[in-house]
Amino acid sequence: MKKIMLSAAFAALIGLATTQAQTTDSTSNSNAATASTQKVAPSGDVTQAIASSGYNASLATAIKNAGLESTLKGAGPFTVFAPSDQAFASVPAGDSLLTQQPKLAATLKNHIVNGKYSKDDIIKALTAGKGVATLNTIDGSTVTLKVNENKNLELSDAAGNKALVTVFDVEGTNGTVHVINNVLVPKQ
């Protein structure tokens, strides 16, 4: 019975990612019902993929401000769980996240994984992990992936922050980007 439920959840995840790319980012709702896949041949590294995605202008600026651009232009491969512009807009106005370079860098490193994990690779990792996959970030912490009760791919970090993947597989020449609907701020 558990295996059947797990298979149904993976099938739902596959189905979520086969829809066409959405033109608006309606990801601030934690009950986002669909995710899309952007399949476009990579024309640059992950920083360029982020900048041209249409979802991540705030993240592109934050990467530069945090001093991580040269890291992400490296050989990689990288997987970036990229907070959308709406996710950055929901950071409380008084939060020092966007004004303190060390805090911003630590936060962004919490979203970057060594290795390339496409949607298909994530599904394989979830299958091997019986519904849960844990990936190491470039700062040595972890993000945990699972399919939630609403059949969305959910990330969580060590601080208990959660985010949903809203767009899969924005490709760069040195990795892939998945757009998420929350900023995962690590414990300070």
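The values are calculated or read from the model by the stated rules, or taken from the named source; none is laboratory data. All values derive from a computational prediction rather than experimental measurement. No Cβ is skipped: glycine too gets one built from the backbone with ideal geometry, and neighbour counts run over all protein chains shown.
Assorted remarks:
- Selection status of A128, aliphatic (A, V, I, L, M) and within 25 Å of G172 (Cα to Cα): no
- Matching residues in region 150-166 - criterion: being without any contact (Cβ under 8 Å) to a residue 12 or more places away in the chain and in a strand (DSSP E or B): E154
- Residue in region 140-149 that is out of contact with any helix residue (DSSP H, G or I) (no Cβ under 7 Å at 6 or more places or on another chain), under 23 Å from G67 (Cβ atoms), in a loop (DSSP other than H, G, I, E, B) and modelled with pLDDT of 95 or more present: no
- Hits in region 147-160 (condition: on the phi > 0 side of the Ramachandran plot and surrounded by 15 or more Cβ atoms within 10 Å (Cβ to Cβ)): K151
- Consider region 109-125 and keep the residues that are within 13 Å of the chain's Cα centre (by Cα) and part of a helix (DSSP H, G or I). The one that is surrounded by the most Cβ atoms within 10 Å (Cβ to Cβ) is I122.
- The set of residues in region 129-147 that are within 12 Å of A158 (Cα to Cα) and either among the polar types (S, T, N, Q) or free of Cβ contacts under 8 Å to residues at least 12 places away in the same chain (or both) comprises T134, N136, T137, G140, S141, T142, T144.
- Some residue of region 160-174 being touching a Lys or Arg at 6+ places or on another chain (Cβ under 6 Å) and of a type in the set (F, W, Y): yes
- Options T134, T144; residue that is surrounded by 15 or more Cβ atoms within 10 Å (Cβ to Cβ), under 16 Å from L184 (Cα atoms) and among the β-branched types (V, I, T): T144
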